[in-house]
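Colleague: Shown below is the structure under consideration.
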Amino acid sequence: MKQFQYNELIDYLEVDLHFMQEGMNYAEKNKYDSIRIVDLNTKDNISENIDFYTLNHKAFIKRLMIEDIKLDKKQALSMESIYTLKNLKMLSLKGNKIELDLSKLTQLEALYYKYGIKIKNVESLSNLKDLFILSFRGLNLNLLKGLLNLKRLRLSGGDFVSLDGIGALN
């Protein structure tokens, strides 16, 4: 079973979600600051007991991607450890079992996520420069109002009724 592998196409260390401790130890020792958490082995099976506690206070992580993880319908991912990543600049999230309060990650400069993930307080990301939302399904763009440094906005595959909120951007 693969525990981790380097993906040179995207310049990330890919860490299997079942081997997070081993992957984080390897990443820190070998100075990888870009981590992609993915299921490298089971593909179709439901993952159980996934916890991101091994991310606690990993100051070396600057870019983090969390791929879609198949979970039991009752299970949600515990994301509290992500709030301790003080040098995190880029976060990419896929999957619907993630809940995140972005007011605890105000240092983020880039955020990529699929609309429908339970993300709160996007407007608190005053340092955000790059935002990509896949499958956007909001009525308007009011979530952009606090994003004073946003330079790049991409909305893909969704629909909205009004452009209200976009006027707050520079």
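The values are calculated or read from the model by the stated rules, or taken from the named source; none is laboratory data. This one's a predicted model, so the numbers in the text were calculated from it and none came from an experiment. FYI the Cβ positions are ideal-geometry reconstructions off the backbone, even for glycines, and counts take in every protein chain you see. Accessible surface is based on the protein model in full, side chains and every heavy atom, while ligands, DNA and RNA are left aside. Shrake-Rupley method; radii C 1.70, N 1.55, O 1.52, S 1.80 Å.
Colleague: Report the calculated FRET efficiency for Ser135 and Glu67 (r = Cβ-Cβ distance, R0 = 25 Å), to the nearest 0.05. Please report the intermediate quantities before stating the final value.
Modeller: Working: r = 16 Å, r/R0 = 0.64.
With a Förster radius of 25 Å, E is 0.95.
Colleague: Additional query: Accessible area per residue, 1.4 Å probe, Å², for segment 94-170: what's the number? If you can, show how the numbers build up before the last one.
Modeller: Details: 4080 Å² over 77 residues.
Accessible area per residue: 53 Å².
Colleague: What figure, in Å² to the nearest 10, do you get for the accessible area of Thr106 with a 1.4 Å probe and non-protein molecules left out?
Modeller: In the full protein context, Thr106 sits at about 60 Å².
Colleague: At a 1.4 Å probe, what is the % contribution of carbon and sulfur to the accessible area of segment 83-170? Write out the running numbers ahead of the final one.
Modeller: Working: 2200 of 4450 Å².
About 49 percent, which is the carbon plus sulfur part of the accessible surface.
Colleague: Another question, then. Grab the beta carbon distance between Asn30 and Asp101, set R0 = 41 Å, and tell me the FRET efficiency rounded to 0.05.
Modeller: 0.85
Colleague: Could you sort out which of Lys120/Lys145; Lys2/Lys86; Lys29/Lys58; Lys94/Lys120 sit more than 19 Å apart by Cα distance in this structure?
Modeller: Values: Lys120/Lys145 14 Å; Lys2/Lys86 28 Å; Lys29/Lys58 12 Å; Lys94/Lys120 15 Å.
In this structure, Lys2/Lys86 exceed 19 Å between Cα atoms.
Colleague: Consider the candidate values (i) 0.95; (ii) 0.98; (iii) 1.03; state which one is Rg/Rh (Cα atoms, Kirkwood Rh) computed from the structure displayed.
Modeller: (ii)
Colleague: Still on this model: If each of Lys2 and Tyr112 carries a label point 7 Å out from its Cα toward its Cβ, how far apart are those two points in nm?
Modeller: Modelled inter-label distance: 1.8 nm.
Colleague: Where a ≥ b ≥ c are the square roots of the eigenvalues of the C-alpha gyration tensor, would you call segment 98-170 rounded, which needs a/c under 1.5, or, failing that, prolate if a/b is larger than b/c, or oblate?
Modeller: oblate
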